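Engineer: I am attaching a structure below and will ask some questions about it afterwards.
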Amino acid sequence: LVVALTEEGSVIYRQERVGLHNQVFYMYKFRSMIMQDEEKEKAEWSTRNDPRITPVGKLIRRTSIDELPQLFNVLKGEMSLVGPRPERVESLEDYDDEISKRLAVLPGMTGLAQVSGNIYLDLQDRYVLDVYYAEHFSLWLDVKILLRTVGVILRGEAYYRERPLVQLPERTTDKELVTK
């Protein structure tokens, strides 16, 4: 209601995303950014302090209210409550065999990367967490992620960036591979 009263355009925003086994679907969110044409939208990624985010959008993003319409995606079987966040279609161009493993499970409204620092992590670290989730999926892990999601909503993502939910194996950098 607040979005409808304070901003022009539709309240619900939909975007093509990729889910389980490369299935493309429309993911829904409450609109938190100014209206823009589809080409500009595809060309620019949202950043932490993106000037395109509306004042109401800042609040609904901080509290994750903007994600609630994805419950329709869950009911339709396109998403789960927990899993890797669904990717933009354009992102698949950058996938390798390892990153593609994240597509072996339903995407989720929340996930391991989202409760492990999310926006404070670089994209590759988020992918590592997504693959870890896909390879170690369990009901217990889902419960821990859901509980921590409540903490992220109350305390913010920054609180958890140095508090990992799981211990990942050390990654070998390209530089280390060259010297071996």
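Engineer: Name the long-range amide H neighbours of Val105: under 5 Å, sequence gap of 5 or more, or other chain; modelled H, no Pro or chain starts.
Structural biologist: Those lying under 5 Å, H to H, from Val105 are His21.
Engineer: Carbon and sulfur atoms: what percent of the 1.4 Å accessible area of the stretch 95-137 do they account for?
Structural biologist: The C+S portion of the solvent-accessible surface of the stretch 95-137 is 52 percent.
Engineer: Extension gain Val89-Leu71, at 0.36 nm per residue separation less the Cα-Cα distance, in nm?
Structural biologist: Taking 0.36 nm per residue and subtracting the Cα distance, the gain is 4.4 nm.
Engineer: Normalised by the residues of the stretch 63-126, what does the relative contact order come to in percent, with Cα pairs under 8 Å and at least six apart?
Structural biologist: 37 percent
Engineer: Then there is this: Just reorder His136, His21 by solvent-accessible area, largest first, 1.4 Å probe, all chains present. It would help to have the intermediate numbers written out before the result.
Structural biologist: Values: His136 90, His21 130 Å².
Largest accessible area first, the residues go His21, His136.
Engineer: When ligands, DNA and RNA are left out and all protein chains stay put, how many square angstrom of accessible area per residue does the stretch 81-144 have with a 1.4 Å probe? Numbers along the way, then the final one.
Structural biologist: Working: 2930 Å² over 64 residues.
That works out to 46 Å² per residue.
The values are calculated or read from the model by the stated rules, or taken from the named source; none is laboratory data. Worth saying up front: this structure is predicted, and the values here are computed from it rather than measured. For accessibility, only protein heavy atoms count, side chains too; no ligands or nucleic acids. Shrake-Rupley method; radii C 1.70, N 1.55, O 1.52, S 1.80 Å.
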